[in-house]
1. Please compute the length gained on full extension between A54 and S37, using 0.36 nm multiplied by the number of residues separating them and subtracting their Cα-Cα distance.
2. Please list V77, V25, V61, V33 from largest to smallest accessible area, probe radius 1.4 Å, with all protein chains kept in place.
Amino acid sequence: MNDTAIPDLSALNFEAALEELGRIVRQLEEGAVPLDSAITLYERATLLKGHCDARLRDAEVRIERIKLSADGQPQGVAPFDGG
(Lines give C-alpha, C1' and ligand atoms only; values in the text may rest on other atoms or scores of the structure.)
Protein backbone atom coordinates (compact mmCIF):
# COMPACT_ATOMS: atom_id res chain seq x y z
CA MET A 1 0.00 0.00 0.00
CA ASN A 2 1.63 3.27 -0.98
CA ASP A 3 1.47 6.38 1.18
CA THR A 4 -0.74 8.29 -1.26
CA ALA A 5 -3.47 5.68 -0.75
CA ILE A 6 -3.49 6.11 3.04
CA PRO A 7 -6.16 8.59 4.11
CA ASP A 8 -5.31 10.94 6.95
CA LEU A 9 -6.62 9.44 10.20
CA SER A 10 -6.03 12.54 12.34
CA ALA A 11 -9.52 13.89 11.73
CA LEU A 12 -11.14 10.56 12.60
CA ASN A 13 -12.57 10.46 16.12
CA PHE A 14 -12.12 7.38 18.30
CA GLU A 15 -15.63 6.05 17.79
CA ALA A 16 -15.49 6.32 13.99
CA ALA A 17 -12.07 4.68 13.87
CA LEU A 18 -13.21 1.85 16.14
CA GLU A 19 -16.36 1.33 14.05
CA GLU A 20 -14.32 1.13 10.85
CA LEU A 21 -11.87 -1.23 12.51
CA GLY A 22 -14.78 -3.47 13.51
CA ARG A 23 -16.09 -3.53 9.94
CA ILE A 24 -12.67 -4.52 8.64
CA VAL A 25 -12.31 -7.29 11.22
CA ARG A 26 -15.72 -8.69 10.26
CA GLN A 27 -14.77 -8.64 6.56
CA LEU A 28 -11.52 -10.44 7.24
CA GLU A 29 -13.19 -12.99 9.51
CA GLU A 30 -15.73 -13.82 6.81
CA GLY A 31 -12.83 -14.83 4.58
CA ALA A 32 -14.56 -13.79 1.36
CA VAL A 33 -12.06 -11.03 0.60
CA PRO A 34 -9.47 -11.61 -2.16
CA LEU A 35 -5.88 -11.81 -0.88
CA ASP A 36 -4.74 -8.41 -2.20
CA SER A 37 -7.80 -6.74 -0.69
CA ALA A 38 -7.28 -8.59 2.58
CA ILE A 39 -3.71 -7.29 2.78
CA THR A 40 -4.90 -3.73 2.13
CA LEU A 41 -7.64 -4.12 4.76
CA TYR A 42 -5.12 -5.52 7.24
CA GLU A 43 -2.81 -2.55 6.66
CA ARG A 44 -5.71 -0.15 7.19
CA ALA A 45 -6.75 -2.02 10.34
CA THR A 46 -3.22 -1.72 11.70
CA LEU A 47 -3.29 2.03 11.13
CA LEU A 48 -6.73 2.32 12.74
CA LYS A 49 -5.61 0.32 15.77
CA GLY A 50 -2.62 2.62 16.21
CA HIS A 51 -4.88 5.65 15.86
CA CYS A 52 -7.31 4.28 18.47
CA ASP A 53 -4.42 3.50 20.85
CA ALA A 54 -3.09 7.05 20.47
CA ARG A 55 -6.53 8.58 21.05
CA LEU A 56 -6.93 6.49 24.22
CA ARG A 57 -3.50 7.56 25.49
CA ASP A 58 -4.39 11.19 24.82
CA ALA A 59 -7.67 10.81 26.67
CA GLU A 60 -5.94 9.16 29.61
CA VAL A 61 -3.53 12.07 29.89
CA ARG A 62 -6.47 14.48 30.01
CA ILE A 63 -8.40 12.61 32.68
CA GLU A 64 -8.62 14.45 35.92
CA ARG A 65 -9.69 12.97 39.19
CA ILE A 66 -11.73 14.96 41.64
CA LYS A 67 -10.02 15.76 44.92
CA LEU A 68 -12.34 15.47 47.88
CA SER A 69 -12.02 17.23 51.22
CA ALA A 70 -12.14 15.28 54.48
CA ASP A 71 -15.92 15.71 54.57
CA GLY A 72 -16.31 14.30 51.05
CA GLN A 73 -16.94 17.59 49.27
CA PRO A 74 -15.28 18.26 45.90
CA GLN A 75 -12.45 20.74 46.33
CA GLY A 76 -10.82 20.75 42.92
CA VAL A 77 -9.15 18.50 40.44
CA ALA A 78 -5.75 16.87 40.21
CA PRO A 79 -4.07 15.59 37.06
CA PHE A 80 -4.41 11.92 36.27
CA ASP A 81 -1.31 10.21 37.66
CA GLY A 82 -1.56 6.98 35.66
CA GLY A 83 -1.33 4.81 38.72
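1. 3.6 nm
2. Highest to lowest solvent-accessible surface, that is V61, V77, V25, V33.
The values are calculated or read from the model by the stated rules, or taken from the named source; none is laboratory data. All of these numbers come straight from a predicted model, not from anything done at the bench. Areas reflect the complete protein model, heavy atoms only, side chains present, ligands, DNA and RNA absent. Shrake-Rupley method; radii C 1.70, N 1.55, O 1.52, S 1.80 Å.
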